Every structure is written in C-alpha cells, then in structure tokens.
Amino acid sequence: AGSLQAKVRVVVREAPFVTAVENPADITVPYGTAAADLPLPQQVTVQLSDGSKTEAAVHWNTDAYRPDQAGTQTLIGQLEADAAYENLGGYTAAVNVTVEEPEQVCDKTALQEAISQAEALYDTLDTYAQAAVKEAFRQALEEARTVNENPDATQAQADEAAEALQAASGALLASLKK
C-alpha cells in the first residue's frame, strides 16, 4: 500500500509586547465619592513593540483609595492579559484622582438661639428709652434673620451675626437698667 506523507509548516510569530502605557487624564471627584463610583477608564492606550498602539483593558486597584481624604491620590491599574500583545515588562497604568475639599456645613444653632432670645426682647422695645440702642438692636436682629435664611451663608457670617445680635441685646438690656 502506498504511504501518505504530510508536510506541516509551523510559523512562530511572536506577539508584540507593550513598550509604554499612556496614562489617562487626571480625575477630580467630590469629597466622599466611593471607590465604586470613581469614573475610572476601563481601557488605556498602550504602545507596542511593532510600533502600533492598541487599547488594553485595565483593572484598577482601589484598596488604598480614601474618599474622605481631600487631595490627590494615585491609583495603579494592572493591564489585563490579551492574545494581541504581551506585557513582558509588567507595565501598569496610573491615574491621579483628586478628592475635593468637603463642603463646609454652616451650623446656625447659636445664631438661631440668639434670634429666639432677641425676639423675646423685641416685644418689650417700647419700655426702652434710648432710640439709638433700639435701632441698633432692630438692625442686628434683621441682619441675623437675613443670614439665618441664607442657605449659602458661611460659618463666619453666622457667627458674626450671632455675636452682633448678642451684643445689641446686651446693650438693650443695659439701657433698661440705667
């Protein structure tokens, strides 16, 4: 019987390998943004040994990320394996995440207490003789109410309005004792 012969030609082509990673643009997020909510890119561009570029999937390590720490934090991403290239050099991606300063919450408790106490005095204004003292008290109370109703008031404004109203209330009470 005749024998069949087969020839097999094996061509080994090396896959190109990563020579550089183009890191993504910096990211800025509000204070308190959870790691799961970071807008991290799912891919980064890599330069390959054959001169081409391709997109590589990346897995970001967020273990060291602190959402309650304002400032810039650098996250490292591992390139995921792909048949189109090799990552012989162990290249990684990096992205800077800037966590913004927390919004300052204005505590108006002292201001509200000063307004409440001043409003109790307001009904007795007619018993006070000094017109200038009464007018200063009215102005301080009006300013305190304006600051209290302002949702954008700063802590300094609230503190100053409370102190001014307390001083005006004290002057009003002192004028009665004279």
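With n ≥ 4 as the cut-off for DSSP H runs, can you work out [θ] at 222 nm for the chain, using -39500 (n - 2.57) per run divided by the number of residues, rounded to the nearest 500?
After summing the helix terms and dividing by residue count, I get -10500 deg cm²/dmol.
Determine the dipole magnitude for the range 47-164: charges of +1 sit on the beta-carbon of Lys and Arg, -1 on that of Asp and Glu, nothing else is charged, the reference point is the Cα centre, and the result goes in debye to the nearest 20.
Charge dipole of the range 47-164: 140 debye, to the nearest 20.
When a/c reaches 1.5 or more, the comparison of a/b and b/c decides; with that in mind, is the range 139-178 rounded, prolate or oblate per its Cα gyration tensor?
prolate
Quick one: Karplus J couplings for the range 148-163, per residue in order, coefficients 6.51, -1.76, 1.60, θ = phi - 60°, nearest Hz, x for Gly and Pro?
Each residue of the range 148-163 in turn: 4, 7, 7, x, 9, 4, 8, 4, 4, 5, 5, 5, 5, 5, 5, 5 Hz.
Answer with one residue from Gln130, Gln155, Ala6: the one whose Cα lies farthest towards the positive end of the charge dipole of the chain, charges on Cβ with Lys, Arg +1 and Asp, Glu -1.
Ala6
Could you grab the relative contact order for the chain? Cα pairs under 8 Å, six or more apart, rounded to a whole percent.
RCO, the chain: 20 percent.
Based only on Cα atoms, what mean projected area does the convex hull of the chain have, in nm²?
Across all orientations, the chain yields a mean hull projection of 18.8 nm².
Explain nothing, just the number: dipole magnitude of the range 1-107 about its Cα centre with +1 on each Lys and Arg Cβ and -1 on each Asp and Glu Cβ, in debye rounded to the nearest 20.
The dipole magnitude comes to about 1000 debye.
FYI, it's all coordinate maths here, none of it is from the lab. Computed from a predicted model, the values in this text were never measured in an experiment. Virtual Cβ from ideal backbone geometry, glycine too; neighbours counted across all protein chains shown.
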